[in-house]
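One structure is given here, and the rest of the page talks about it.
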Amino acid sequence: MLKKLSVVMLGLTAVVFCGCRTERLTSAPGRIKNPVMHKNTDESLVKPYILPDVLLSRTGKKIENAFDWVHIRRPELLELYKKEMYGYLPLRPDRTEYEIISVKDDALNNTAVRKEIKLTFSMNGKKHSFVMLLYIPKNAVAPVPVFVGLNFKGNHTVTPEKDVLMTGRNVDGKLIEKRRSRHIKRFYIEETVKRGFATATVCYHDVYPDNKDENSWRKSVYNLFYADESNEKFHTHASAISAWAWGMSRMLDCLEGEKMIDCSNAFVHGLSRLGKAALWAGANDTRFKLVISNESGCCGAALARRDFGETLEIITHYFPHWFVSSFKKYVHRENELPFDQHCLAALIAPRYLAIGSAEEDLHADPKGEFLSGAHAGRVYKLFGVETYNENTPHPVGSHITGAVSYHIRSGVHDQNLADWEHYWKIADKIRK
Ligand code: GCU
């Protein structure tokens, strides 16, 4: 009986009780009073489930070739995801300006050219800006591929360099110097550049502040378009995840103007909530040739119907602004979703998709992440591309390569060297 009582208590202490075992929930948000929500982390308790057929359109048409996928099912799924889950991306502003605010020719011990570029979008008499930090290998003789990703705590947190501008205002509107270099091990900028890749990043709060206060969108890029709307109306059609995805596409627009960058090899990446945003960016913007989902978990790569790890109930409670308001209707009714996350993975086909998991990151459901990639394989097959399937062995430490790749490393929720080793390897194959 006790075993069946898998519940999560997300409160000050954030402890998960799984049968008679207790464990700490490393990525649980704190300081929220006591909701007790079901959360299963026992594989033996996963009940059988039926996934929506990725190759069956809503009108009942079987999708049997790449043409029908591209022209019927893909747009249909994209629209369903917008309407039901992530909302509609911001529109195209009237004007976009790029201002180079610094260039350093001898960055990272003279191995890179570093630029900081301010992107300003204007519309309806309003402006929204963010600063992109860019490193390009100095010894490049031809345009190089580029990794594009958002960061959590500011551009200054992902670089070892002391003179990079602080970005990423926190909830109180403050910039925090003491976070400088704290996340260098999430980006491995020096190593990325050494391997011949450029890398560009923006702080996600500067695109849409990640705050569940229902007014926070007014400080986001959406305010250029919808300032006259009520909060209630706004949240029916837009979300933070869509704004972040949009932001990565705007970074790519800007990178297209850089002569030493080869934007036909643009790789979008993200950890966790930013992995969800990377998947959504890759689904919408086919210029991204490789989409990297690093432990994106619930509402990212993980299948919702498995009921393992974070649930729709938990995620929509703590992070309602990541989705349209009506997404909540699927809480405890996951089987009624018109898609599951293998459909999101399939929206990347036939481009490259890399799914990364961590063994101890049960909150993100490593197996559910693996299975999304496996089930997306039917769509890749329409393009003549073979990928792994649900029976492909994937023990911890293994790397499945191919158009859909998968790796699972030991350890907890993070994006670290072991993950980057996999992504660099895939990126190297693609660039050849
Ligand atoms: C929370 C949330 C996850 C998310 C993660 C993160 O743990 O529940 O869905 O992926 O934060 O972004 O770090």
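The values are calculated or read from the model by the stated rules, or taken from the named source; none is laboratory data. Please read all numbers here as calculations on a predicted model, not as lab measurements. So basically every Cβ, Gly included, is an ideal-geometry build from the backbone, and we count neighbours across all protein chains shown.
Residues in region 141-189 that are without any contact (Cβ under 8 Å) to a residue 24 or more places away in the chain and assigned to a loop (DSSP other than H, G, I, E, B): how many? Spell out how you get there, then give the answer.
Start the filter on region 141-189 by keeping residues that are without any contact (Cβ under 8 Å) to a residue 24 or more places away in the chain, which leaves 141, 162, 166, 172-178.
Okay, now just the ones that are also assigned to a loop (DSSP other than H, G, I, E, B), so 141, 162, 166, 172-176.
The qualifying residues number 8.
Filter region 290-303 down to the residues that are more than 12 Å from the ligand (Cβ to nearest atom) and under 15 Å from LEU371 (Cβ atoms) and list them by number.
First pass over region 290-303, keeping only residues more than 12 Å from the ligand (Cβ to nearest atom): 290-292, 303.
Residue satisfying the conditions is LEU303 alone.
Among residues belonging to region 348-381 that are part of a helix (DSSP H, G or I), away from the ligand (no atom under 16 Å from the Cβ) and of a type in the set (A, V, I, L, M), point out the one that is nearest to VAL268 (Cα to Cα).
Applying the filter and picking the extreme gives ALA376.
Consider GLU334 against the criteria (1) among the acidic types (Asp, Glu); (2) touching a helix residue (DSSP H, G or I) at 6+ places or on another chain (Cβ under 6 Å); (3) closer than 28 Å to ASN416 by Cβ: it satisfies all of them except one. Which criterion is unmet?
Result: GLU334 passes all but (3).
Conditions tested, residue by residue: (1) among the acidic types (Asp, Glu); (2) touching a His at 6+ places or on another chain (Cβ under 8 Å); (3) over 28 Å from ILE408 (Cα atoms).
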site	(1), (2), (3)
LYS233	no, no, yes
GLU256	yes, no, yes
ALA266	no, no, no
HIS269	no, no, no
SER272	no, yes, no
LYS289	no, no, no
SER296	no, no, no
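As an exercise: evaluate GLU191 against (1) surrounded by fewer than 23 Cβ atoms within 10 Å (Cβ to Cβ); (2) closer than 17 Å to VAL144 by Cα; (3) within 19 Å of the chain's Cα centre (by Cα) and give the number of the one condition it does not meet.
(3)
Can you name the helices (runs of 4 or more DSSP H) wholly within region 190-289 that have at least 1 residues being touching a Leu at 6+ places or on another chain (Cβ under 7 Å) and more than 16 Å from the ligand (Cβ to nearest atom)? Walk me through it before giving the result.
Numbers: elements: 223-226, 231-237, 240-255, 273-284.
Per the criteria, 223-226, 240-255, 273-284.
Name every residue in region 44-90 that is without any contact (Cβ under 8 Å) to a residue 60 or more places away in the chain and on the phi > 0 side of the Ramachandran plot, in order of residue number.
GLY60
Here's a check for you: in region 290-301, which residue that is polar (S, T, N, Q) and not in a loop (DSSP other than H, G, I, E, B) is surrounded by the fewest Cβ atoms within 10 Å (Cβ to Cβ)? Give the steps one after another, and end with the answer.
Initially, region 290-301 is screened for residues polar (S, T, N, Q), giving 293-294, 296.
Right, trim to not in a loop (DSSP other than H, G, I, E, B) and you get 293-294.
Details: SER293: 35, ASN294: 31.
Among residues in region 290-301 that are polar (S, T, N, Q) and not in a loop (DSSP other than H, G, I, E, B), the one surrounded by the fewest Cβ atoms within 10 Å (Cβ to Cβ) is ASN294.
Looking at this structure, is PHE323 within 14 Å of the ligand (Cβ to nearest atom) and over 30 Å from ARG114 (Cβ atoms)?
Details: within 14 Å of the ligand (Cβ to nearest atom): yes; over 30 Å from ARG114 (Cβ atoms): yes.
The answer is yes for PHE323.
Within the set of pairs 6 or more residues apart or between chains, which connect a residue that is at pLDDT 95 or above inside region 217-235 to a residue that is surrounded by fewer than 17 Cβ atoms within 10 Å (Cβ to Cβ) with Cβ atoms less than 6 Å apart?
Cβ pairs passing all conditions: LEU224/LYS126; PHE225/LEU91; ASN231/GLU214.
Can you confirm whether PHE308 is hydrophobic (A, V, I, L, M, F, W, C), part of a loop (DSSP other than H, G, I, E, B) and in contact (Cβ under 8 Å) with a residue 12 or more places away in the chain?
Values: hydrophobic (A, V, I, L, M, F, W, C): yes; part of a loop (DSSP other than H, G, I, E, B): yes; in contact (Cβ under 8 Å) with a residue 12 or more places away in the chain: yes.
Yes.
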